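J.: First, the structure itself, so that you have it in front of you.
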Amino acid sequence: MRTVLVRRAVLTASAVSLTLLATACGSGGAGGAGADFKAGSQGGSQPSATASGAAPAGPKGKTAAELASLLVTRADLPDHELEPVTDGEAQNDPIDTDKAACRPLAQAEGMQPIGTSTGVARVVAGGKPAPAAAGDAGAARQAAAAAGAGRQATATSVALVSYDGKGAEEAFAAVKDGVQACTGGFSVTQAGEKTAIGSVEADAALTGGDEAVSFNTVMDLGDGDRNVTRVVVLRKGNTLATFTALSVSGEAEQPKAVVDAQAKKLG
């Protein structure tokens with residue numbers, strides 16, 4: 001049975017696929033090329049603080065509103081459809097793992113802060129289907145082509161998370177250490193359901209920000225099926241950008257175009 005974590009991942013990819021389908025069929029809905037959106041943000045973020053209650057030394061983290069203005073938009077990714085992720089749509093139930101070193105990986109994949117953040121903003125990006133060939137008439141044919149493209153498309157969830165002081169550096173270090181420590185897999189518990197991650201694999205290195213790390217998590221879904229999620233985490237100053245790429249097909253592509261665009265926007 002697919003757990004909450006997997007179902008949410010597949011539903012996210014499906015939502016983007018439906019947006020692509022609506023766009024291909026000429027729908028005037030929210031996924032239309034001219035539509036704008038309000039970036040999702042996490043209102044429950046709390047200011048970072050030391051154990052004594054004093055604010056940590058160093059630069060102050062950004063708020064959710066400040067981060068929302070830094071998220072990629074359609075102007076940055078004209079060949080993608082973008083959909084906001086609201087607080088209600090984000091799964092903010094606490095994540096626990098059987099191995100402490102692996103918890104930052106699960107939090108990064110789940111678009112959650114690693115430690116205490118000052119703000120979070122999120123969006124989902126999916127590639128647009130190729131336009132129908134000249135003379136390829138018929139709404140049904142275009143819809144079928146769009147649906148097929150949607151099933152193979154990779155949807156990338158982007159989360160920007162900011163921290164006070166050295167919080168972003170510490171969070172990034174925890175992810176990087178976890179990639180090495182968790183190659184043999186681990187289990188994740190969220191919302192009362194447990195998910196087994198069969199393995200963690202280092203992925204092709206991408207560049208961006210001050211430092212970046214890429215990894216894949218692999219889940220056995222049974223009956224010979226598996227789900228490969230590709231995750232990229234980069235740090236720019238006191239902000240982490242996490243990218244979680246998934247596909248309804250179960251095998252996502254590395255989201256290089258989205259990572260490059262977001263890294264450029266962060267400066």
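J.: Restricting to region 155-186, give me the number of residues that are surrounded by fewer than 22 Cβ atoms within 10 Å (Cβ to Cβ) and modelled with pLDDT under 95.
T.: 0
J.: Further question on the same structure: What pairs come out if I take residues in region 202-221 that are more than 21 Å from A261 (Cα to Cα) and pair them with residues that are open to solvent by 40 Å² or more (accessible area, probe 1.4 Å) and assigned to a loop (DSSP other than H, G, I, E, B) whose C-beta lies under 7 Å away, six or more apart or interchain?
T.: V218/G198; M219/G198; D220/G198; L221/R2
J.: Please go through region 176-190 and pick out each residue that is of a type in the set (V, I, T) and within 13 Å of F215 (Cα to Cα). Lay out the reasoning, then the answer.
T.: Let us first name the residues in region 176-190 that are of a type in the set (V, I, T), namely 179, 183, 188-189.
Scanning region 176-190 gives V179, T183.
J.: Please verify whether T189 is open to solvent by less than 20 Å² (accessible area, probe 1.4 Å) and among the β-branched types (V, I, T), treating the condition exactly as stated. I'd like the intermediate steps shown before the answer.
T.: Numbers: open to solvent by less than 20 Å² (accessible area, probe 1.4 Å): no; among the β-branched types (V, I, T): yes.
Against the criterion (open to solvent by less than 20 Å² (accessible area, probe 1.4 Å) and among the β-branched types (V, I, T)), T189 does not qualify.
J.: Look through region 213-267, keep the residues that are open to solvent by 40 Å² or more (accessible area, probe 1.4 Å) and part of a strand (DSSP E or B), and return whichever of them is farthest from V188 (Cα to Cα).
T.: Filtering region 213-267 for residues that are open to solvent by 40 Å² or more (accessible area, probe 1.4 Å) and part of a strand (DSSP E or B), the one farthest from V188 (Cα to Cα) comes out as K236.
J.: Return the only residue of T97, T63, T50 being at pLDDT 95 or above, among the polar types (S, T, N, Q) and over 26 Å from L246 (Cβ atoms). Lay out the reasoning, then the answer.
T.: Numbers: T97 fails: over 26 Å from L246 (Cβ atoms); T50 fails: at pLDDT 95 or above.
So the residue among T97, T63, T50 that is at pLDDT 95 or above, among the polar types (S, T, N, Q) and over 26 Å from L246 (Cβ atoms) is T63.
The values are calculated or read from the model by the stated rules, or taken from the named source; none is laboratory data. All of these numbers come straight from a predicted model, not from anything done at the bench. Because the Cβ atoms are built from the backbone with ideal geometry, glycine has one as well, and the counts that use them run over all protein chains shown. Protein only, heavy atoms only, side chains kept; ligands, DNA and RNA dropped before computing areas. Shrake-Rupley method; radii C 1.70, N 1.55, O 1.52, S 1.80 Å.
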